[in-house]
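**Student:** I have a structure I would like to understand better, so I am pasting it below and will then ask my questions one at a time.
The values are calculated or read from the model by the stated rules, or taken from the named source; none is laboratory data. Nothing here was measured: the structure is a model prediction, and the numbers come from that model. Ideal geometry is used to build each Cβ from the backbone, glycine not excepted, and the neighbour counts take in all protein chains shown. Protein only, heavy atoms only, side chains kept; ligands, DNA and RNA dropped before computing areas. Shrake-Rupley method; radii C 1.70, N 1.55, O 1.52, S 1.80 Å.
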Amino acid sequence: MEKKKKMKERINGDITTSLSAIREGRSQGKSLDSPEVCESIRKLAKQIASIMRTELKFSEKFELGDQMCAKVLKEGTLVDDMMDFCLQHKDKLPVIAPGVDVIWRFFMNGTMFSPDLSRKISGKVGFLSYGKDVLESLYDLYVNKKTIRNQVHTLDSISTTTHNMCTFCDVTISDVRAAGFLAVYLKYLKHEAVKDEFVKGVPILTAASDIMNENDASITGNRRDVEYMIRGIEEAIQSPSGQSHGWFAFELGKIIGNLAIFDSNKKQLVKYGVLPPLVKLAKQPEEIEQITATKALAHLAFDDDNKKTFVSDTQTDVVTTLFDLARSSRYPDVRESAKGVLWTLSEQLHSSTKHADLVQELFGKKTKGHVMISYSREQRPLMLRIKQ
């Protein structure tokens, strides 16, 4: 307990120091692109990111990160000035000023924790469209391998920022989509240079999957992309920080779930081997891990062949895991999500000698009625308001 307290105090102190240095530099008339202020923003971004590498629980990480980002948001007009500074450099694309690079790094790290920061970015007129323009301006350089270091950093930072916004503040999904990112991400994904560098391609695939819906043309990663995600989930679960190469297990599970929305992907993903890591993810203790896994399994379950696999696969034991969550998860949303998957499988479960009694026990009693409504991602904010 004392160790956690000291760690939080150290992070808070480091961020306070960086904000003080930024404030002092700006009070002396130095621009965000000056070496002193630029370096302080870089440190700030790094300090925010360091929270995710701690051994705190996910809930504790997000709480601390949100608190630290709130300090930045309260720093006068700093965040607005950061966005204005980037917009002022739009005409210089594809040249990326050092200040622009570090500002996007801060946005990338801050949007992991702060829905308020995501909403502020989303609400700034023209800013998301500017981010899309940056990616478009870098396309030819990137696919021809002529980008310089800070251009690659900015490309990664922008795609990860939109991913974080859609993952941790999903009311911004429609704004990210409306800014035109999807067409740009798909353009990158179609090029052989991106397909060949799957470590670079997975973040772009991720960002695209966040904003696609059922009406879009289907995309899926190739076997190598999916196997990278599978390994990442398993490694992140074993890691004290909960990460593998910067990815959280639940993030990678969410990407698989996004890809599983498309009917043409469902069988292929199961064939590639996504069930074992999703079951491992579902057995983790935190709500975000359990709910992400059950939602991904729910998408995969809407396929007749997959239903048979779910029920007959004794090695992975998907069904037993879902029953355990439906009956004993301490999170109400997880219990309901697991029951929803089991309901989808109910016909196959009733025909199973192993599971028939369990499904009868779970669904045989009269319960409150539920209405399942299918909707696209763009309609999610409206559906959340209706639910509330």
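**Student:** So how many residues does segment 281-292 have that are over 15 Å from TRP247 (Cβ atoms) and in contact (Cβ under 8 Å) with a residue 24 or more places away in the chain? Write out each step before concluding.
**Tutor:** First, pick out the residues of segment 281-292 that are over 15 Å from TRP247 (Cβ atoms): 282-283, 285-287, 290-291.
If we keep only those that are in contact (Cβ under 8 Å) with a residue 24 or more places away in the chain too, we end up with 282-283, 286-287, 290-291.
So the answer is 6.
**Student:** Exactly one condition in (1) modelled with pLDDT under 95; (2) within 20 Å of ASP313 (Cβ to Cβ); (3) among the charged types (D, E, K, R) is not met by GLU286; state its number.
**Tutor:** Tallying (1) modelled with pLDDT under 95; (2) within 20 Å of ASP313 (Cβ to Cβ); (3) among the charged types (D, E, K, R), GLU286 fails exactly one: (2).
**Student:** For segment 161-176, what are the residues that are of a type outside the set (Ser, Thr, Tyr) and either farther than 17 Å from PHE248 by Cβ or in a helix (DSSP H, G or I) (or both)?
**Tutor:** Step one: list which residues in segment 161-176 are of a type outside the set (Ser, Thr, Tyr), which gives 163-166, 168-171, 173, 175-176.
Once the filter is applied, which keeps residues that are of a type outside the set (Ser, Thr, Tyr) and either farther than 17 Å from PHE248 by Cβ or in a helix (DSSP H, G or I) (or both), segment 161-176 yields HIS163, ASN164, MET165, CYS166, PHE168, ASP170, VAL171, ILE173, ASP175, VAL176.
**Student:** Among the numbered criteria (1) open to solvent by 60 Å² or more (accessible area, probe 1.4 Å); (2) assigned to a loop (DSSP other than H, G, I, E, B), which single criterion is violated by ASP324?
**Tutor:** Condition not satisfied by ASP324: (2).
**Student:** Oh, and also: Sort out which residues of segment 83-119 are open to solvent by less than 20 Å² (accessible area, probe 1.4 Å), more than 21 Å from ARG149 (Cβ to Cβ) and over 21 Å from the mean Cα position of the chain (by Cα), and write them in order of number.
**Tutor:** MET83 - this is the single residue of segment 83-119 that is open to solvent by less than 20 Å² (accessible area, probe 1.4 Å), more than 21 Å from ARG149 (Cβ to Cβ) and over 21 Å from the mean Cα position of the chain (by Cα).
**Student:** Give the number of residues within segment 148-173 that are open to solvent by 10 Å² or more (accessible area, probe 1.4 Å) and within 15 Å of GLY201 (Cβ to Cβ).
**Tutor:** The number of residues fulfilling the criteria is 3.
**Student:** Checking ILE261 against (1) within 22 Å of MET108 (Cβ to Cβ); (2) within 17 Å of the chain's Cα centre (by Cα): exactly one of these is not met. Which one?
**Tutor:** Result: ILE261 fails condition (1) only.
**Student:** Give me the residue from segment 247-277 that is among the aliphatic types (A, V, I, L, M) and in a helix (DSSP H, G or I) and, out of that set, most open to solvent (accessible area, probe 1.4 Å).
**Tutor:** Here is the first cut: in segment 247-277, the ones among the aliphatic types (A, V, I, L, M) are 249, 252, 255-256, 259-261, 269-270, 274-275.
Remaining after also requiring in a helix (DSSP H, G or I): 249, 252, 255-256, 259, 269-270, 275.
On the way: ALA249: 4, LEU252: 1, ILE255: 1, ILE256: 1, LEU259: 1, LEU269: 1, VAL270: 25, LEU275: 6 Å².
Checked segment 247-277; the qualifying residue most open to solvent (accessible area, probe 1.4 Å) is VAL270.
**Student:** Here's another thing I want to ask about it. Please state which one of GLN268, GLN243 is polar (S, T, N, Q) and within 22 Å of GLN315 (Cα to Cα). Lay out the reasoning, then the answer.
**Tutor:** Details: GLN243 fails: within 22 Å of GLN315 (Cα to Cα).
Of the residues listed, the single one that is polar (S, T, N, Q) and within 22 Å of GLN315 (Cα to Cα) is GLN268.
**Student:** Here's something else I'd like to know. Does LEU32 satisfy being of a type in the set (A, V, I, L, M) and not in a loop (DSSP other than H, G, I, E, B)?
**Tutor:** Values: of a type in the set (A, V, I, L, M): yes; not in a loop (DSSP other than H, G, I, E, B): no.
Taking the combined requirement at face value, the residue does not satisfy it.
**Student:** To continue, here is another question. In segment 293-310, how many residues are open to solvent by 30 Å² or more (accessible area, probe 1.4 Å) and touching a residue at least 24 places away in the same chain (Cβ under 8 Å)?
**Tutor:** Within segment 293-310, the first condition is being open to solvent by 30 Å² or more (accessible area, probe 1.4 Å), and the residues that meet it are 295, 299, 302, 304-305, 307-309.
From what is left, the residues that are touching a residue at least 24 places away in the same chain (Cβ under 8 Å) are 295, 299, 302, 305, 307-309.
Final tally of qualifying residues: 7.
**Student:** Within segment 307-354, work out how many residues are within 26 Å of the chain's Cα centre (by Cα) and modelled with pLDDT under 90.
**Tutor:** Qualifying residue count, segment 307-354: 1.
**Student:** Here is a follow-up. Out of SER34, SER18, SER50, I need the residue that is open to solvent by 20 Å² or more (accessible area, probe 1.4 Å), of a type in the set (Gly, Ala, Ser) and either more than 27 Å from the chain's Cα centre (by Cα) or closer than 26 Å to ARG119 by Cβ (or both). Which one?
**Tutor:** On the way: SER34 fails: open to solvent by 20 Å² or more (accessible area, probe 1.4 Å); SER18 fails: open to solvent by 20 Å² or more (accessible area, probe 1.4 Å).
The match here is SER50.
**Student:** Between a residue in segment 20-39 that is within 17 Å of ILE96 (Cβ to Cβ) and any residue that is part of a helix (DSSP H, G or I) and open to solvent by 50 Å² or more (accessible area, probe 1.4 Å), which pairs come within a Cβ distance under 6 Å, given they are 6 or more apart or on different chains?
**Tutor:** CYS38/PRO98
**Student:** Quick one: count up the residues across segment 268-277 that are in contact with a helix residue (DSSP H, G or I) (Cβ under 7 Å, 6 or more places away or on another chain) and free of Cβ contacts under 8 Å to residues at least 40 places away in the same chain.
**Tutor:** Going through segment 268-277, the residues in contact with a helix residue (DSSP H, G or I) (Cβ under 7 Å, 6 or more places away or on another chain) turn out to be 269-270, 272-275, 277.
Narrowing the set further to residues that are free of Cβ contacts under 8 Å to residues at least 40 places away in the same chain leaves 270.
The number of residues fulfilling the criteria is 1.
**Student:** Restricting to segment 94-128, name every residue that is touching a Gly at 6+ places or on another chain (Cβ under 7 Å) and outside any loop (DSSP other than H, G, I, E, B).
**Tutor:** LEU117
**Student:** Run down TYR130, TYR139, TYR185 and say which single residue is open to solvent by 10 Å² or more (accessible area, probe 1.4 Å) and closer than 25 Å to GLY99 by Cα. Show your work before the answer.
**Tutor:** On the way: TYR130 fails: open to solvent by 10 Å² or more (accessible area, probe 1.4 Å); TYR185 fails: open to solvent by 10 Å² or more (accessible area, probe 1.4 Å).
The conditions single out TYR139.
**Student:** Here is a follow-up. Would you confirm whether any residue within segment 233-246 is under 26 Å from ASP175 (Cβ atoms), surrounded by fewer than 20 Cβ atoms within 10 Å (Cβ to Cβ) and free of Cβ contacts under 8 Å to residues at least 24 places away in the same chain?
**Tutor:** Yes - at least one qualifying residue is present in segment 233-246.
**Student:** Out of the residues in segment 1-15 that are open to solvent by less than 90 Å² (accessible area, probe 1.4 Å) and among the hydrophobic types (A, V, I, L, M, F, W, C), state the one that is modelled with the lowest pLDDT. Don't jump to the end; show me each part of the working.
**Tutor:** Taking segment 1-15 first, the residues open to solvent by less than 90 Å² (accessible area, probe 1.4 Å) are 4, 7-8, 11-15.
From what is left, the residues that are among the hydrophobic types (A, V, I, L, M, F, W, C) are 7, 11, 15.
Values: MET7: 93, ILE11: 96, ILE15: 97.
Among those residues, the one meeting the criterion is MET7.
**Student:** Could you please find all residues in segment 210-219 being modelled with pLDDT under 90 and crowded, with 18+ Cβ neighbours inside 10 Å? Before you say what the answer is, go through the steps one by one.
**Tutor:** Our first condition is that a residue be modelled with pLDDT under 90; within segment 210-219, this holds for 212-219.
Listed by number, the residues that qualify are MET212, ILE219.
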